[in-house]
1. Confirm whether Ile13 is out of contact with any Ser or Thr (no Cβ under 9 Å at 6 or more places or on another chain), surrounded by 14 or more Cβ atoms within 10 Å (Cβ to Cβ), at negative phi and of a type in the set (A, V, I, L, M).
2. I need a count of the residues in the range 19-53 that are acidic (Asp, Glu) and either free of Cβ contacts under 8 Å to residues at least 40 places away in the same chain or touching a Cys at 6+ places or on another chain (Cβ under 6 Å) (or both).
3. Within the range 207-224, which residues are loosely packed, with under 12 Cβ neighbours inside 10 Å and in contact (Cβ under 8 Å) with a residue 40 or more places away in the chain?
4. Only residues that are under 20 Å from the mean Cα position of the chain (by Cα) and closer than 18 Å to Arg175 by Cβ: list them for the range 197-225, please.
5. Considering only residues that are crowded, with 22+ Cβ neighbours inside 10 Å and touching a residue at least 24 places away in the same chain (Cβ under 8 Å), which ones fall in the range 129-155?
6. Just one of (1) in contact with a strand residue (DSSP E or B) (Cβ under 8 Å, 6 or more places away or on another chain); (2) in a helix (DSSP H, G or I) trips up Ser170, so point out which.
7. Which ones in the range 178-201 are crowded, with 16+ Cβ neighbours inside 10 Å, of a type outside the set (Val, Ile, Thr) and closer than 27 Å to Glu149 by Cβ?
8. With Glu85, Glu109 as the choices, which residue is free of Cβ contacts under 8 Å to residues at least 40 places away in the same chain and either in the same structural domain as Asp190 (by TED's automatic domain parsing) or surrounded by fewer than 19 Cβ atoms within 10 Å (Cβ to Cβ) (or both)?
Amino acid sequence: MSRILIVDDDPAILSGVSTLLEQAGYEIAQAASLAQARSHLQAFNPPSLVILDLMLPDGDGFELCRQIRQGGQYLPILMLSARDELQDRVEGLTVGADDYLTKPFAPAELVARVRAILRLAQHQRETIGSFECGKLRFDCELQRAWWDEQLLELTPKESGVLLQLMRQPSHVWGRLALLQTVWGTNFLGDSRIVDVCVQRLRAKINQLDANADPIQTVRGFGYRLKCEP
């Protein structure tokens, strides 16, 4: 059974979301602060998914998301926040969240997004093998990628997009195809999330090699991977 950590300082949200996801068949852990969340993340049995509010008494969710990604943990994150401005959603995805849902939300949509995120994470863990393309290498079992033998710290969605591009380097992947493959056919958000994810991938590769440009944009079609030594 997947274990989900809900981080929110609103008792009503904690209770309501916990009940909703327990009824959907998930085990639940709760945290009302960043400190409590960190304690859960350091436990022997870490969660399979974090549902993360932004406004917390001892900091914000962006901070915790950054720390999780900097630590190299392969842990899906769904941000759930009343902050519905475009800049907040973009920042959430940029710092490493896999999805962003605003409050108030439809219970059925939250459950659908949780299932889609966990399904992708499980699929990626079960995919055995490795792929190489120029200086890029992806280990499917470890769910880790390297550029020129330097580890890339990727989110599950970034890993999913990179894996699809590496499976067929010469194939041009359209935005819709990547969205359906990585986020799932039931994803209800903005398709431009694919572009944000590709931008983050490029930025992380450029942090290791400023001259690297392995992900090509094919105008009007989508993206493909360029394999160069």
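The values are calculated or read from the model by the stated rules, or taken from the named source; none is laboratory data. Quantities reported herein were computed from a predicted structural model and do not represent experimental measurements. Because the Cβ atoms are built from the backbone with ideal geometry, glycine has one as well, and the counts that use them run over all protein chains shown.
1. Answer is yes for this residue.
2. 2
3. Within the range 207-224, Val218, Phe221 qualify.
4. Those that are under 20 Å from the mean Cα position of the chain (by Cα) and closer than 18 Å to Arg175 by Cβ: Cys197, Val198, Gln199, Arg200, Leu201, Arg202, Ile215, Tyr223.
5. Leu136, Phe138, Leu154, Thr155
6. With respect to (1) in contact with a strand residue (DSSP E or B) (Cβ under 8 Å, 6 or more places away or on another chain); (2) in a helix (DSSP H, G or I), Ser170 is out only on (2).
7. Leu178, Cys197, Arg200, Leu201
8. Glu85
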